[in-house]
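**Student:** Submitted below is the structure of interest, expressed as structure tokens.
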Amino acid sequence: MTTFVDRVELHVAAGNGGHGCASVHREKFKPLGGPDGGNGGRGGDVILVVDQSITTLLDYHHSPHRKATNGKPGEGGNRSGKDGQDLILPVPDGTVVLDRNGEVLADLVGHGTSYVAAEGGRGGLGNAALASARRKAPGFALLGEPGRSGDIVLELKTVADVALVGYPSAGKSSLISVLSAAKPKIADYPFTTLVPNLGVVTAGSTVYTIADVPGLIPGASQGRGLGLEFLRHVERCSVLVHVLDTATLESDRDPVSDLDVIEEELKQYGGLDDRPRIVVLNKIDIPDGQDLADMIRPDLEGRGYRVFEVSAVARTGLKELSFALAEIVSKARAAKPKEEATRIVIRPKAVDDAGFTVTREEDGLFRVRGEKPERWVRQTDFNNDEAVGYLADRLSRLGVEEELMKAGARAGDGVAIGPEDDAVVFDWEPTMMAGAEMLGRRGEDHRFEAPRPAAQRRKDRDAERDEALREFEGFEPF
């Protein structure tokens, strides 16, 4: 059964905003109580937070679909809906968030670091919030916005100071077990280690972390064996330690050629040329191993490597190695630039920036794109004429109608607001007037309806009454 997962595809969906409420206050002896519809609650966010106690992405491998709760709708009596609860997803330290195209969205390093993977939709306004001097009793409310959703990729890159690299069965797991309190699985066959192991080493006053990277063989950077799957775990390390087996039983291998092969794979992977290297000649407790170490050490030192002879079994040479690694790690930490507080950059929009664009497509359709127009369309209840009229007012005030005329739109031309896969399309009427003075009864708009029969009947009765009164001499209607 899989116990370590360092790459998953996660499907996240934030909560939808609650709808606003259209309500009128009703109380005895108060026939004109006014609108009292409350606002809808905000949908919950999906937030990734670094948790030091989490070491794998296994939970998301088994349950890749995560959704936050929706906001509650508003109610009468000016009662706003409850906000949706945010969904907190703990991730290991060193998790990188990418989109489906491989673009990095966030690099989560450090306990408590967070990233909003999906933002919840805002709640719709109730008719109490939409009331104005001209629209005293709106018969509509705004709908809640849907929450953001999408697919993201989580990749874990181990946060360690030292990375042990080398052939399978070179003794990396044994070395990390004696340098730290880590207890990895150890056996005398290749690919015993199937996951990176992490340990904490104390050398004097310096405390650092050390990790072994399993599965590096020729062709690892191209996907052979397990190496490509775990090479990402060396990217954050300050120093690379080549663990060479001086007592290998394979006749076609020797420590120097092993070093050349691993260096070539690191070069092919890229981005690691600036890391300092140390060579560890392991298994010198075996007589042939000590002889081979004495033979190749001058060659390795001639290449510029610092060489340490150790035995994980006999526990020899470990103190010198641990303090040498502590010295390099301390220098690397001192050379790092100090972290500064995040600067808040405010980029105000230009005064003449309308916040939307109008383009004419090949089929003659005019498409309106912009944050405000698209959000207003999502919040509009198209079953309510007054709500549609309110949308027309907002678009007119924003300047959409004026831009359509500049783009060459004429009466009857098709206009789409929003992206191609989710747009509202209508026939444009440039003579449409905007203004709350055009509103009639609650829930209606004169610009979208035929004359009301009841109003026409009243006009007919008034005309009959005036005609009857004219029969009296000297009478003229007012």
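**Student:** Suppose R0 equals 41 Å; then what is the FRET efficiency for Asp260 and Ser149 from their Cβ-Cβ distance, rounded to the nearest 0.05?
**Tutor:** 0.25
**Student:** For Arg26, Arg378, Arg470, write out the residues from largest to smallest accessible area, computed with a 1.4 angstrom probe and no ligands counted. Don't jump to the answer; show the numbers that get you there.
**Tutor:** Values: Arg26 195, Arg378 95, Arg470 115 Å².
So, going from the largest accessible area down, we get Arg26, Arg470, Arg378.
**Student:** Related question: Can you pull the accessible area of Ile417 for me, 1.4 Å probe, Å² to the nearest 10?
**Tutor:** Looks like 10 Å² after rounding.
**Student:** Describe numerically, in nm with one decimal, the distance between label points set 7 Å from Cα along Cα→Cβ at Asp274 and at Glu429.
**Tutor:** Label-label distance for Asp274 and Glu429, simple model: 6.4 nm.
**Student:** Subtract the Cα-Cα distance of Asp299 and Val5 from 0.36 nm times their separation in residues, and report this length gain in nm to one decimal.
**Tutor:** Separation in residues times 0.36 nm, less the Cα-Cα distance, equals 101.9 nm.
**Student:** From a point 7 Å beyond the Cα of Glu27 in the direction of its Cβ, which residues of the stretch 120-163 have a backbone N at a distance under 15 Å?
**Tutor:** none
**Student:** Given the pairs Lys67/Lys172; Lys136/Lys372; Lys157/Lys331, which are separated by over 31 angstrom at their Cα positions?
**Tutor:** Details: Lys67/Lys172 41 Å; Lys136/Lys372 24 Å; Lys157/Lys331 22 Å.
Result: Lys67/Lys172 exceed 31 Å.
**Student:** Measuring from label point to label point, each 7 Å out along Cα→Cβ, what is the Asp285 to Thr359 span in nm?
**Tutor:** 6.9
**Student:** Might you work out the accessible area of Lys67 for me, using a 1.4 Å probe with all protein chains in place, and round it to the nearest 10 Å²?
**Tutor:** Per-residue accessible area (Lys67): approximately 110 Å².
**Student:** At a Förster radius of 41 Å, what calculated FRET efficiency corresponds to the Cβ-Cβ distance of Lys267 and Ala314, to the nearest 0.05?
**Tutor:** 0.75
**Student:** Select from the stretch 291-341 those GluC sites (Glu not before Pro) which occupy a DSSP coil region and have at most 15 other Cβ atoms within 10 Å, ordered by residue number. Intermediate results must be reported in sequence, preceding the final value.
**Tutor:** On the way: sites: Glu301, Glu309, Glu320, Glu327, Glu339, Glu340; in loops: Glu339, Glu340.
Hits after loop and neighbour filter: Glu339, Glu340.
**Student:** Got a sec? Charge dipole of the stretch 45-86, +1 on Cβ for Lys and Arg, -1 for Asp and Glu; which of Tyr60, Leu48, Asn70 is way out at the positive end?
**Tutor:** Of the candidates, Asn70 comes out farthest on the positive side.
**Student:** Also, quick follow-up: Express the relative contact order of the stretch 1-123 as a whole percentage, based on alpha carbon pairs under 8 Å and six or more residues apart in sequence. The partial results should precede the final answer.
**Tutor:** Working: 364 pairs, mean separation 43.2, N = 123.
Relative contact order comes out at 35 percent.
**Student:** Arrange the residues Thr316, Thr202, Thr209 by how much accessible surface each exposes, largest first, with a 1.4 angstrom probe. Display every interim value, and only then the final one.
**Tutor:** On the way: Thr316 60, Thr202 95, Thr209 35 Å².
Solvent-accessible surface, decreasing: Thr202, Thr316, Thr209.
**Student:** Under the 0.36 nm per residue contour assumption, what length would be gained going from the current alpha-carbon distance of Asp107 and Val49 to full extension? Mind showing how you got there, number by number?
**Tutor:** Numbers: separation 58, 0.36 × 58 = 20.88 nm, distance 1.12 nm.
Result: 19.8 nm gained on full extension.
The values are calculated or read from the model by the stated rules, or taken from the named source; none is laboratory data. These numbers were taken from a predicted model, which means no experiment stands behind them. We place every Cβ from the backbone using ideal geometry, glycine too, and count neighbours over all the protein chains shown. In case anyone asks, the SASA skips ligands and DNA or RNA and just uses the protein heavy atoms, side chains included. Shrake-Rupley method; radii C 1.70, N 1.55, O 1.52, S 1.80 Å.
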